[in-house]
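Presented below is the structure to which this report refers.
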Amino acid sequence: MIATQYSTASEATGCQHSTTVLRVLGIIECRHPVASLAVLYWVAPLMGAAEVLSALNRAQAAQPAWASLSFRDRARVVLQARKIVLAELDEIGTLISRETGKPSAEALSMEIVPGLDLMHYFARHTARLLQPHKIDIGQYWLMGRSSQVVYKPLGVIGIISPWNFPWATPLAEVVMALMAGNSVVLKPSELTPLTALKIGEVFQRARLPKGLLEIVTGDGTTGAALTDAGPEAGLAKIMFTGSVATGKRVAASAAKHLTPTVLELGGKDPMIVLEDANLQSAARAAIWGAFCNAGQACASVERCYVHESIAPRFIELVVKETLALKQDNPAESEVDVGAMSNERQLRIVEEHISDALERGARVLAGGKRVKNSGGWFHEPTVVTEVDHSMDLMRDETFGPVLPILTFKTDDEAIKLANDSVYGLTASIWTRNIARGRRLATKVDAGTIMVNEVVYTHALAQTPWGGVKQSGYGRTHGRLGLLELVSPQHIHINRLSFLPDVWWFRYSTGASLLFHSLAKHFTSGSIIQSSLLLPQMIKRWRERRD
Ligand code: NDP
């Protein structure tokens, strides 16, 4: 069917990994067996520890001048980059589609549009979101004290990103890190370096000063070199997005240096369809949630629980909608489901389906890889008669598969949803918003959507991150921005001519005062605290002697 999806460098060229050999990325696009060959080469070196350290050095050297600029000046660069992206929408969309196998439509809607919105949001609002603010310090203000928190850039942020959203994921973190006054060393997946290099090119053309966005291409060894560098080499924080297994390696390496990390890991996200849900909407959401990006989204719907009273009708709708989807060359505009991004992931999908079938599951639509397709295509697949003993219901499938299980009561649905080591997002479908809200608080996940699936990663304003093995820390929104700065507490004493009553030297009078402080000052009442004034004056006098 197609021969347009890039493979990895090693598959395309047979190059062995080496720190000195440049890797030629891309695949020769054959339009005719002999004659009309359009040869596309991109070069992304496999960088080793020395190159990573040089990148960190350059990023560290460039950061202070950038941090000294105003938010407005930084925003100017981000907004200029945004203009360039807008002018090259289709070219960037094609690049993402060719590198990942996703339909161009999804490259635009799931990667470029959210990226543009996020660039606008953080360019316009970072100054407000990081505004210094006063803290209420209770009764201490009576002693002429005040406290404020200011937010300082951290320095160099190391961003390690996966292949499934090669534009949206790193771009968001790059923009937020830069707006907060940091510099960045970005290590993209070896499967998608071209998209990352395009991000670098866009910022370079937007006149981002040199050194502020360093891209270190390569594989896992390059990522490990970055996490091994630690603060001694200038690395202030690691923002990692990827699998649980690699996340654990990153956390272990970071722990050796006490490098702070944010881990955005996998998911096995549940969708609960209650008996009062709008069935047509829920069915459409389920198939988009499970099959968009060929199911390779951390927030994909990977488990669907439907109330037994509506299950037959819901499953009928889901199967009908699934069979109507068009799966073909991702470059075509009317294609719904593209290819998977790599063969390793496709094999995991096949293993999960075959394990489920062996244990008694039934495939109602799809179920197998598309043969002779020229890409890693797997049919959108609906599976029923599943249970939690199956890999399909426990491990991250990360492919276009929708397993459906029925439940009898709300409590059972919540129990099933929470029976997972993951906790990234979850979704509840009901016409009763109050009921949806109530049940939402019972699900263990970083984001719960009522009558929505997957898309909240596109919201620049809201926090993104998981609980349990889905990771820790947040990206996006103010909480995400706070991961990229160091909060500094500034405390002022306006009555410095008076010695503090708790300073040396201690005495019987001091002890009596401390008892009164315990009783009255800590009560939170101004009236009670003011009763202490005579004792305080006595103590100040005592201190002057
Ligand atoms: P991996 O964990 O395999 O890789 C993620 C990144 O880490 C890649 O850049 C990879 O490089 C790099 N890497 C590999 N080994 C190391 C190492 N030892 N030290 C440092 N970096 C290393 O994940 P995938 O690329 O396969 O991405 C899929 C996973 O990402 C899924 O589990 C998915 O759920 C998760 N994900 C989570 C998201 C979230 O927001 N929670 C969003 C998107 C995806 P290379 O690829 O070159 O080997």
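The values are calculated or read from the model by the stated rules, or taken from the named source; none is laboratory data. Because the structure is predicted, anything quoted here is derived from the model rather than measured. For neighbour counting, all protein chains shown are included, and Cβ atoms are generated from backbone atoms with ideal geometry for every residue, glycine included. Only protein heavy atoms, including side chains, enter the accessible area calculation; ligands, DNA and RNA are left aside. Shrake-Rupley method; radii C 1.70, N 1.55, O 1.52, S 1.80 Å.
Per residue, the chain exposes 44 Å² of accessible surface when a 1.4 Å probe is rolled over the protein heavy atoms with every protein chain present. Applying 0.36 nm per residue to the separation of Arg431 and Arg145 and subtracting their alpha-carbon distance, the gain on full extension is 97.8 nm.
The label-point distance for Arg284 and Ser354, in a model that sets each label 7 Å from Cα toward Cβ, rounds to 3.7 nm. Altogether, the Stokes-Einstein calculation at 20 °C and 1.002 mPa s, with the Kirkwood radius of the range 264-315 over Cα pairs as Rh, returns a diffusion coefficient of 187 µm²/s.
Counting charges near Cys292 (Lys, Arg +1; Asp, Glu -1) among other residues having Cβ under 11 Å from its Cβ returns a value of -1.
Between Arg128 and Arg541, the simple spin-label model (points 7 angstrom out along Cα→Cβ) gives 5.4 nm. Each part gets one Cα centre, and for the range 288-310 versus the range 410-453 those centres are 13 Å apart.
Rounded, prolate or oblate: which fits the range 143-228, taking a ≥ b ≥ c as square roots of the Cα gyration tensor eigenvalues, rounded meaning a/c under 1.5, else prolate when a/b beats b/c? Since a/c reaches 1.5 and a/b is larger than b/c, the shape of the range 143-228 is classed as prolate.
Net length available on complete extension from Leu498 to Asn418 is 23.1 nm, with 0.36 nm assigned per residue and the Cα-Cα distance removed. Cα centroid distance between the range 463-483 and the range 174-245, in Å? Cα centroid to Cα centroid, the span is 18 Å. DSSP beta bridges confined to the range 331-451 are antiparallel in about 40 percent of cases.
Label reach from Glu332 (point 7 Å along Cα→C-beta): in the range 368-400, amide nitrogens under 19 Å belong to 369-381.
In the range 108-217, the DSSP beta bridges split such that about 25 percent are antiparallel, to the nearest 5.
Taking R0 as 60 Å, what's the FRET efficiency between Gln204 and Thr409 from their Cβ-Cβ distance, rounded to 0.05? Don't jump to the answer; show the numbers that get you there.
Details: r = 57 Å, r/R0 = 0.95.
So, using R0 = 60 Å, E works out to roughly 0.55.
Under a 5 Å amide H cut-off, with hydrogens placed 1.01 Å from N, Val383 pairs with Leu364, Leu402, Ile404 among residues at least 5 apart or on other chains.
Per-residue accessible area (protein heavy atoms, 1.4 Å probe) orders Glu351, Glu106 as Glu351, Glu106, starting from the largest.
Quick one, could you list the DSSP H helices from the chain stretching 15 Å or more along their long axis (Cα atoms) with average Kyte-Doolittle hydropathy of -0.5 or above? Those that clear 15 Å and a mean of -0.5 are 49-67, 71-87, 89-100, 113-129, 168-179, 193-205, 244-257, 279-291, 311-323, 508-519. Each Lys or Arg adds one and each Asp or Glu subtracts one; over the other residues with Cβ under 10 Å from the Cβ of Thr222, this totals -2.
Grab the eigenvalues of the alpha-carbon gyration tensor for the range 376-507, scale each by 5, take roots, and send me the semi-axes largest first in whole angstrom.
Numbers: eigenvalues 433, 69, 49 Å².
Ellipsoid semi-axes (Å, largest first): 47, 19, 16.
The antiparallel fraction among DSSP beta bridges confined to the chain stands at about 40%.
How much of the pair distance distribution for the chain lies past 43 Å, counting alpha-carbon pairs only, in percent? Each step should come with its number before you reach the end.
Details: 43344 of 148240 pairs.
Of all Cα-Cα pairs in the chain, 29 percent lie more than 43 Å apart.
In this simple spin-label approximation, Arg76 and Lys368 carry label points 7 Å from Cα along the Cα→Cβ vector, and these lie 6.2 nm apart.
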